[in-house]
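The values are calculated or read from the model by the stated rules, or taken from the named source; none is laboratory data. Keep in mind that what you see is a predicted model, and the values were worked out from it rather than measured. Every residue, glycine as well, gets a Cβ built from its backbone with ideal geometry; the counts of neighbours run over all protein chains shown.
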Amino acid sequence: MLKLNLKIEKHTRNRAIVYVLTVLFSILFIYFGNGFASQGMTLFEGASMEKPVKAQVVEVQEPRTDSYSLDEGETSVQNIYIDFSARILNGWQKGQVVECNQTIDGFTPIGNKEVEVGDRVLIFHSDPSSASSIWMFWDYIRTDTLLILGLVFMALLLLFGRGKGVNTIISLVFTCLAVFLVFIPSILTGRNAYISSIVVCLFTIVMTLLIVNGANAKGLAAGVGCLGGILVSGALTLIMDYFLRLTGLVDEESIFLLYMDTPKPIDLKAIIFAAIIIGALGAIMDVAMSIASSLAEVRDIMEVPTFGALMKSGIQIGRDIMGTMANTLVLAYIGSSLSMVLLLIAYNNSLLGLLNKEMIVVEILQTLVGSMGILFTIPLTSAISAFVYTRAGGNHQKPAQGMQEIE
């Protein structure tokens with residue numbers, strides 16, 4: 001019993017050390033990665049320094065209307081102008097009540113709703129350099145509601161996941177910081193998007209598995225399987241890029257990227273590569289971890305676990321996962337661009353022409369390449385798990401209850 005307690009204590013101490021080192025490494029990676037990726041960024045130099053401020057509506061005047069015709073009086077468009085007072089909630093003018101104006105353009109089919117007393121809005125100076133400038137309505141504040149929803153999500157993670165929930169939140173924060181503070185600045189400063197996306201994916205895989213699961217056989221198997229799936233997806237993307245003759249001009253946002261004032265022109269085909277592997281990373285990591293975890297449980301209930309038996313179980317588990325994960329990617333990509341898909345279908349009378357539009361081709365490519373990455377992840381993770389779990393030559397002793405709880 002004493003030996004078991006010492007073993008549990010050592011295991012706990014080692015895991016705590018790995019956890020702390022992983023968190024420190026993640027902080028350093030994001031800090032120095034952001035410094036390196038942001039070097040030479042001049043995108044915002046010379047841009048207007050005027051920023052919207054938060055405000056709350058305290059008084060609203062009667063709306064004014066103004067009508068004008070588009071086609072010699074046959075079609076009338078009505079604009080609505082609303083004067084209101086609002087109390088500024090942040091910035092150096094916090095507490096001041098200022099006069100504001102909201103304009104609802106009648107030419108737009110759906111405009112913002114008219115402001116009401118109590119609404120929390122964003123306002124800005126129409127012309128800060130002019131003494132006669134007024135504050136203008138920018139938009140409604142929506143981040144407060146999103147913040148509440150995010151807090152509810154975190155609370156549910158903690159409720160159901162407990163310790164794992166805390167680790168999940170931490171890993172999610174580091175993943176978002178890596179994308180927004182390292183990957184995106186590296187693209188905007190003209191650095192190689194292929195390398196940047198691979199580095200961020202590697203960081204996310206290692207960081208997530210070490211923080212959520214620790215440095216154990218399960219995490220090793222899942223990590224190697226996930227890495228293999230991502231490399232397969234990346235390689236397939238490069239190959240199909242050549243055969244499909246992609247240009248990277250999938251939408252109007254791509255054209256805007258070409259005209260951005262960056263130190264080096266942004267490689268649009270590299271953006272497609274990055275979008276595919278980063279988009280597939282979550283599903284591939286999910287599959288790899290599910291198989292590695294399931295095989296760990298299978299190993300614990302087998303009298304004599306063998307490579308063949310575990311490999312067979314992993315493939316069978318992977319078959320059950322495969323269908324839902326492929327659907328996950330298909331539905332995610334369709335859902336993210338549903339409006340554009342509807343427009344393309346509505347205004348195209350040729351199915352052949354529609355399917356050969358680069359925008360549609362890239363969506364299909366994302367789905368197929370991501371799904372193929374999952375397919376390769378299943379046998380690779382199964383093989384690595386079977387090898388790692390039976391590396392002692394098939395001799396296996398079920399871990400004690402205390403060790404199971406630690407795992």
#### Entry: Residue among Gln366, Gln316 that alone is touching a Phe, Trp or Tyr at 6+ places or on another chain (Cβ under 6 Å), assigned by TED's automatic domain parsing to the domain that holds Ala274 and in a helix (DSSP H, G or I)
Gln366
### Query
Of Leu238, Leu268, Leu258, which residue is under 18 Å from Val361 (Cβ atoms) and surrounded by fewer than 15 Cβ atoms within 10 Å (Cβ to Cβ)?
Leu238
### Message
Could you check region 13-34 and list, in sequence order, the residues that are within 12 Å of Val182 (Cα to Cα) and among the small types (Gly, Ala, Ser)?
### Response
Ser26, Gly33
### Message
Quick check on my filter: what residues within region 369-390 are within 27 Å of the chain's Cα centre (by Cα) and either surrounded by fewer than 16 Cβ atoms within 10 Å (Cβ to Cβ) or without any contact (Cβ under 8 Å) to a residue 60 or more places away in the chain (or both)?
### Response
Ser371, Leu375
### Message
Being closer than 16 Å to Ala275 by Cβ and either surrounded by 16 or more Cβ atoms within 10 Å (Cβ to Cβ) or modelled with pLDDT of 85 or more (or both): is that true of Gln316 here?
### Response
no
### Task
Restricting attention to region 337-358, report how many residues are outside any helix (DSSP H, G or I) and within 21 Å of Asp241 (Cβ to Cβ).
3
### Message
I'm trying to understand the selection: among the residues of region 142-183, which are closer than 27 Å to Leu257 by Cβ and either among the polar types (S, T, N, Q) or over 12 Å from the mean Cα position of the chain (by Cα) (or both)?
### Response
Arg142, Thr143, Leu146, Thr175, Leu181, Val182
### Message
Please go through (1) on the phi > 0 side of the Ramachandran plot; (2) surrounded by fewer than 18 Cβ atoms within 10 Å (Cβ to Cβ) for Gly214 and return the number of the only condition it doesn't satisfy.
### Response
(2)
#### Entry: Selected residue (only one of Gly308, Gly282 is farther than 30 Å from Tyr333 by Cβ and either assigned by TED's automatic domain parsing to the domain that holds Ala235 or among the acidic types (Asp, Glu) (or both))
Gly308
### Message
Please go through region 241-254 and give me each residue that is surrounded by fewer than 12 Cβ atoms within 10 Å (Cβ to Cβ), not in a loop (DSSP other than H, G, I, E, B) and not acidic (Asp, Glu), ordered by number.
### Response
Tyr242, Phe243
### Message
Against the definition (more than 17 Å from Ile27 (Cα to Cα), without any contact (Cβ under 8 Å) to a residue 12 or more places away in the chain and either surrounded by 21 or more Cβ atoms within 10 Å (Cβ to Cβ) or not polar (S, T, N, Q) (or both)), how does Arg191 come out, yes or no?
### Response
no
### Message
List the residue pairs whose Cβ atoms are under 9 Å apart, where the first residue sits in region 199-214 and is over 16 Å from Val182 (Cα atoms), the second is among the hydrophobic types (A, V, I, L, M, F, W, C) and not in a helix (DSSP H, G or I), and the two are 6 or more positions apart or on different chains.
### Response
Leu209/Ala215
